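The values are calculated or read from the model by the stated rules, or taken from the named source; none is laboratory data. Predicted model only: the values in this text are computed from it and were never measured. We place every Cβ from the backbone using ideal geometry, glycine too, and count neighbours over all the protein chains shown. With ligands, DNA and RNA removed, areas are computed over all heavy atoms of the protein, side chains included. Shrake-Rupley method; radii C 1.70, N 1.55, O 1.52, S 1.80 Å.
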Amino acid sequence: MQEVPLMKTQGYVDGRWCGSDDGRTFGVTNPATGETIADVPRMGASETRRAIEAADKALPAWRSLPAKDRGKIVRRWYELIVERTDDLARIMTLEQGKPLAEARGEIALGAAYVEWNAEEAKRVYGDVIPTLGSDRRMVVVKAPIGVCVGITPWNFPHAMVTRKASPALAAGCTFVLKPAEATPLSALALAALAEEAGFPPGVFNIVTGDESDAPEIGREMTANPIVRKLGFTGSTQVGKLLMEQCAATVKKVSLELGGNAPFIVFDDADVDAAVSGALAAKFRNAGQVCISPNRLYVQAGVHDAFVAKLGERVAKIRVGNGLEDGSQMGPLIEEQGFSKVLAHVEDARKRGAKVVTGGSPHKLGGTFFDPTVLTGVTADMLISNEETFGPVAGIASFDTEANAIAMANDTVFGLAGYFYTRDIGRAWRVAEALETGMVGINTPLIANEAMPFGGIKQSGIGREGSKYGLEEWMEIRYFCFGGIDK
Ligand code: ADP
């Protein structure tokens with residue numbers, strides 16, 4: 001196994017690096033080569049319970065620190081993440097597969113959340129409500145919710161962690177994380193930096209487990225009455241299950257679930273900008289992004305020009321091991337995802353879609369897939385109904401604005417939506433009509449720490465980032481002072 005700086009291979013509980021109780025481990029593999037990079041503990045309910053109890057023990061002191069002091073530690077964490085960007089990015093590329101440049105971008109984004117929340121913590125204001133009677137005064141304060149847990153996915157193994165842990169910690173909560181089994185090393189490296197930043201033992205904990213351990217860890221996290229809140233990013237199916245499990249102890253939940261983003265190009269759009277936007281949004285992280293456009297609707301007047309230009313650019317994407325210079329797209333992270341992409345392309349072809357470019361497994365083998373553009377996509381195809389989570393842009397043509405909106409909204413999901421137009425009236429109209437939590441108008445670059453990231457419909461509950469993000473980890477409390485007249 002390779003020596004990689006900052007690579008930790010143990011769990012982190014109560015300020016100590018530890019293995020599982022029974023010593024069992026599982027392998028983390030590099031999706032570009034199939035090699036095992038590290039062995040990590042297979043933890044279960046008892047280790048998770050211990051982490052939750054450690055977080056509970058650490059809570060009173062952490063919660064009582066002035067926000068400014070907590071913010072300093074969170075900010076130190078941010079500075080260390082930035083200093084160690086290269087090491088963190090390398091670990092991410094090794095376990096996740098995305099090109100190094102993209103990994104660095106994710107570290108910058110993840111760090112920005114930590115910085116933002118370190119600053120926001122000092123600005124959590126309550127309210128004084130004008131009284132309804134001269135003998136009373138009414139005050140609202142915002143308090144940290146308590147012990148929180150997070151369960152994160154593999155597609156953004158760094159930013160999905162910082163997006164949950166940093167607002168929770170800055171707000172005064174303590175935290176237990178279970179990272180995705182495919183990418184625990186990015187999370188563990190964050191714990192090493194948290195330790196260095198000076199978080200007291202028990203404030204930030206990580207339990208690791210294999211795919212088969214996840215239900216047991218999840219059950220303990222959701223059933224344990226000490227835990228007051230769950231933050232989850234992942235599949236809709238698992239999100240629904242966790243929400244159900246949280247009901248028994250009435251825990252607060254934030255869920256960021258699947259998307260099925262529409263990307264609409266109107267006849268009056270800047271077609272070159274739309275092509276660049278589709279390219280950036282669709283093929284980043286090999287399409288394994290919940291806000292990635294999943295359905296491209298292009299108005300008849302610009303359809304052929306858009307397809308020709310996009311096809312030409314997509315054919316030039318350089319696929320390869322993310323550690324190699326010049327790689328622009330890595331492999332899919334696992335066999336299951338690869339098979340899904342292949343099934344979506346085959347189904348679309350069978351039902352009449354045309355392949356403009358790509359359409360097959362990549363010649364590098366493994367889980368590498370050709371960047372693909374399809375036309376003639378129809379509503380009955382798998383690609384229109386399920387999140388493909390791969391490098392496939394499926395394009396359908398449309399005639400009217402109403403028609404495009406109806407197709408865009410014809411889904412249970414509502415995470416992100418994008419459209420391109422130069423008509424200001426249309427820009428407002430369509431933004432309001434799209435049933436998504438986030439809308440990119442003439443841009444795919446919507447995600448940053450200052451905006452509220454999250455979905456509506458079955459894409460989730462709650463927001464990450466912005467001033468709203470911190471509030472997800474706090475509770476409103478109300479004090480009524482009586483007897484003031486006496
Ligand atoms: P994906 O399809 O992106 O892998 P999942 O929802 O399966 O999405 O995984 C997201 C996270 O949820 C991962 O950390 C995974 O281990 C975890 N997970 C999967 N199943 C469960 C479960 N039953 N209980 C708790 N966590 C789970």
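Annotations for the structure displayed:
- Of the residues screened, ALA406 is one that is out of contact with any Phe, Trp or Tyr (no Cβ under 6 Å at 6 or more places or on another chain) and among the hydrophobic types (A, V, I, L, M, F, W, C).
- When region 164-186 is filtered for residues that are more than 22 Å from TRP17 (Cβ to Cβ) and either hydrophobic (A, V, I, L, M, F, W, C) or open to solvent by 10 Å² or more (accessible area, probe 1.4 Å) (or both), the ones remaining, listed by number, are ALA170, ALA171, CYS173.
- Residue in region 248-266 that is nearest to the ligand (Cβ to nearest atom), counting only those that are open to solvent by less than 50 Å² (accessible area, probe 1.4 Å) and more than 20 Å from the chain's Cα centre (by Cα): LYS251
- Per the listing GLY258, GLY287, GLY277, the residue uniquely at negative phi and out of contact with any helix residue (DSSP H, G or I) (no Cβ under 7 Å at 6 or more places or on another chain) is GLY277.
- Residue count for region 78-126, restricted to those that are among the basic types (Lys, Arg) and not in a helix (DSSP H, G or I): 2.
- Output for region 29-56, where each listed residue is buried (at least 21 other Cβ atoms within 10 Å of the Cβ), of a type in the set (Val, Ile, Thr) and not in a helix (DSSP H, G or I): VAL40
- Annotation for region 316-339: at least one member residue is of a type in the set (A, V, I, L, M, F, W, C), under 28 Å from the mean Cα position of the chain (by Cα) and assigned to a helix (DSSP H, G or I).
- Residue count, region 229-247 (criterion: out of contact with any strand residue (DSSP E or B) (no Cβ under 7 Å at 6 or more places or on another chain), among the hydrophobic types (A, V, I, L, M, F, W, C) and more than 8 Å from the ligand (Cβ to nearest atom)): 1
- Residue in region 204-219 that is nearest to the ligand (Cβ to nearest atom), counting only those that are crowded, with 24+ Cβ neighbours inside 10 Å and of a type outside the set (Val, Ile, Thr): GLY209
- Of the residues making up region 348-359, those that are buried (at least 17 other Cβ atoms within 10 Å of the Cβ) and part of a helix (DSSP H, G or I) number 1.
Residues are listed down the side, and each one gets a yes or a no for (1) farther than 30 Å from ALA32 by Cα; (2) open to solvent by less than 20 Å² (accessible area, probe 1.4 Å):
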{"site": "PRO361", "(1), (2)": "no, no"}
{"site": "VAL373", "(1), (2)": "no, yes"}
{"site": "THR378", "(1), (2)": "yes, no"}
{"site": "LEU382", "(1), (2)": "no, no"}
{"site": "ASN385", "(1), (2)": "no, no"}
{"site": "ALA404", "(1), (2)": "yes, yes"}
{"site": "MET407", "(1), (2)": "yes, no"}
{"site": "ASP410", "(1), (2)": "yes, no"}
{"site": "GLY417", "(1), (2)": "yes, yes"}
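- Count - residues of region 139-189 that are away from the ligand (no atom under 16 Å from the Cβ) and either among the polar types (S, T, N, Q) or part of a loop (DSSP other than H, G, I, E, B) (or both): 6
- Hits in region 7-28 (condition: assigned to a strand (DSSP E or B) and either in contact with a helix residue (DSSP H, G or I) (Cβ under 7 Å, 6 or more places away or on another chain) or of a type in the set (Val, Ile, Thr) (or both)): GLY11, TYR12, VAL13, THR25, VAL28
- Any chance ALA269 is part of a loop (DSSP other than H, G, I, E, B), away from the ligand (no atom under 14 Å from the Cβ) and more than 21 Å from the chain's Cα centre (by Cα): yes
- ALA431 of a type in the set (Gly, Ala, Ser), open to solvent by less than 70 Å² (accessible area, probe 1.4 Å) and in contact with a helix residue (DSSP H, G or I) (Cβ under 9 Å, 6 or more places away or on another chain): no
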